[in-house]
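The values are calculated or read from the model by the stated rules, or taken from the named source; none is laboratory data. Not measured: the values here are computed from a predicted model. Note that we place each Cβ from the backbone using ideal geometry, even for glycine, and neighbour counts take in every protein chain shown. Just the protein is used for accessible areas: all its heavy atoms, side chains included, with ligands, DNA and RNA removed. Shrake-Rupley method; radii C 1.70, N 1.55, O 1.52, S 1.80 Å.
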Amino acid sequence: MKQGDMENRTENLANGEEKTEDKTENKTENRTKESLEKVEAKREESFEKPEDRTKESLEKLEGKRGEFLEKPENKTKESLEEVEAKRGESLEKSEDKKNEHLVKPEDKTEQKSGFTEEKVENNQAAASSLTDDWLEDKAGEKAPKEKRAEKDRKKKTEKKTEKKTAGKKKIWIPICALLALAVACSCVYCVVAFSYKEKFLPGTWVNGMDCSEMSGAQVAGLLENQLQVYYLDVTGRDYVSGDKEISLGRITADDIDLTYGISNRKAVDALLAQQDIFTWLFRRMSDNIYSFSLSQGVSYDNEQLKSIVNGWEACQPENMTEPQDAYISQYSEKLNGYEIIPEVEGTKFDVQSLLELMDVAILSQESFLDLELEGFYESPAVRQDDDSLTEIVETANRWLGARITYDWNGAEVIVDKELLRKWVALGKEGPVLDEAAVAEFVKEQAEEYDTYGKRRSFMTTLGVELSLPSGYYGWLTDQEAEIKELIKAIREGKTVTREPVYASTARQKGMSDIGNSYVEADLTHQHLYLYQGGSLIFETDFVSGSMSSTPDCVTPEGVFGLSYKTTNAVLRGADYVTPVNYWMPFYGNYGMHDATWRSEFGGGIYIENGSHGCLNLPLDSAATIYGYMSTGFPVICYYYQVDPLANQYVDNWDDDDDEE
């Protein structure tokens, strides 16, 4: 809407108002009619095209908004919100005005001629309000941004203040309610608490009777009735069978002339006064029992009680059995070990101590006394679950449970309970293993199954069976090491299959331990045979130790094992230093090696021109044999007493001293 149109509208409305007032003074009917016509005309003029005016107002606001946004300094969130707010207000006002004035013409014509002056004034006020709003909006556009911002801050501050005030009011309401509730609960709690000045709190027991919620008079009456029917049952172990909870006797009030010397009401009232009444709620919620005993004024004939108790069978000395300690049994074949024999409780107790215990029970008006529960009997000093006994039995049975299966040079030897029961005994401080017996066992097995140092039967290549001494070859048990291993296995209770610790081994298990791979040196005929897997794979002549020199130059006979092998060695003696290509010792300094300084081998060379004791070989033969050798490889050297080829007696030396 343009400013000129709005000004004309305002002037017309004002003129219409003056004319209406003049006509009202002269002619009421004409003035009403004219006013209606003018108002209707103004309405039609103002709202002829409301959509055009709304569109025009929106276009103006958009223009203003665009101008505002074009300036960088105005591009803030606050300015945008102000423009959007004004735009929204303008749209709302336009819609309100449109709805207010868009009334059907036929509805206006149907109104009575008595259209009052008040209606005219309302129309004038509406028009004036519309004009004022538009002017205010225009003025607001030109107002400084700082004032608008200040106005918004004031509004926000007012809203925050209102929220804080409302919040404080909301907080105080529940606080006051809680305080009021707490005061009310405290009052109720105190009222209930003071009621317990005249009665006992929940969970109160007096002389074995539940006196909860009872008055002092009620409790005193119960005590009086209790005295008239009072009895005390004593139970314990049967002196014959040892069964528990067996009745030993009963004492009644008449038996001992039980009476009250004075009224027990005072004692009850004193007990009532001692209770803490403010714990009533806790006592109600708890399942705890608070027991009290009143013995004031109770008396009885002590001599009569003593006479009755001494007459009970369980109290006779001859009927009492002594307790017995738990102990360890002898070796059990069935269990293959030991076991703990349980303790015997016994039925012995001190009668005088029983009378003293009964005195306390009677004065406390207790009706039941179990000597078992009171721990009244004499107890064994050592019980079945004793740690010391348990450890001894477990250790002994662990040792007895060991099982060691030996492969002793091919023979099976078993160490189990049959042997172990002889070696394991129980001492004062625990089980004892007879280590001397263990050592003797190892020695016996070594003597039986070791082959080291024993003579062997050997069948030569020529078919003659010889009995040969043992050199450095055969099965030899390391007895000292094996004794330690066996003792360790027993103490750990192991079940294991193993071999003994050997100091020396052979190529094959058993008493015939040479096997089918070996070197056979026929010293009589100066000929060597090499067997592998039972087959002869190589043979050669050699020269052995001299027979005409000193005895230590004679090559020894026997069964030996190769000590080691090496190449490019230097052999040293008292009068020689000899380098060799292949060195294979089998008995100290006696061994096999190449002899490149010799051109002939075999025959009778050894008798006059033999070696210092070694087997001298051709170079190529030494190389071949060297390839088959390994540590422990059997080397058998022998002389024939009767030459199977010449069928004649051959005298040989038997000295075994070592030399090259």
Determine which residues of the range 231-254 fall in the zone a paramagnetic label at Q274 would reach in this model, i.e. backbone nitrogen under 18 Å from the point 7 Å along Cα→Cβ. none
Please compare each pair in K454/K509; K443/K494; K443/K484; K334/K417; K334/K428; K334/K422 to a cut-off of 18 Å on the Cα-Cα distance and tell me which ones are over it. K443/K494; K334/K428
Tell me, what is the FRET efficiency for E213 and V188 to the nearest 0.05, using R0 = 22 angstrom and their Cβ-Cβ distance as r? 0.80
Given a 1.4 Å probe and the protein chains all in place, what does the accessible area of T347 round to, in Å² to the nearest 10? 10
Counting only protein heavy atoms and rolling a 1.4 Å probe, one gets per residue an accessible area for the range 501-660 in Å² of 44
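With N set to the number of residues, divide the alpha-carbon radius of gyration of the range 198-322 by 2.2 N^0.38 Å and report two decimals.
So the range 198-322 has a normalised radius of gyration of 1.37.
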To the nearest 10 square angstrom, how much accessible area does C315 have with a 1.4 angstrom probe? 10
Given +1 on the Cβ of Lys and Arg, -1 on the Cβ of Asp and Glu, and no further charges, what dipole in debye does the range 394-551 carry about its Cα centre, rounded to the nearest 20? 460
Inter-site label distance for Y290 and R148 at 7 Å from Cα along Cβ, in nm: 7.9
Which of G375, I362, S388, positive extreme of dipole for the range 357-396 (C-beta unit charges): I362
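Sorted by accessible area (1.4 Å probe), largest first, how do T495, T252 line up?
Numbers: T495 110, T252 40 Å².
I get T495, T252, largest accessible area first.
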Using only protein heavy atoms and a 1.4 Å probe, report how much of H527 is accessible, in Å² to the nearest 10. 40
Largest to smallest principal axis extent of the C-alpha atoms in the range 176-226, angstrom: 54, 16, 8
Under a 1.4 angstrom probe, counting protein chains only, how are E539, E345 ranked by accessible area, largest first? E539, E345
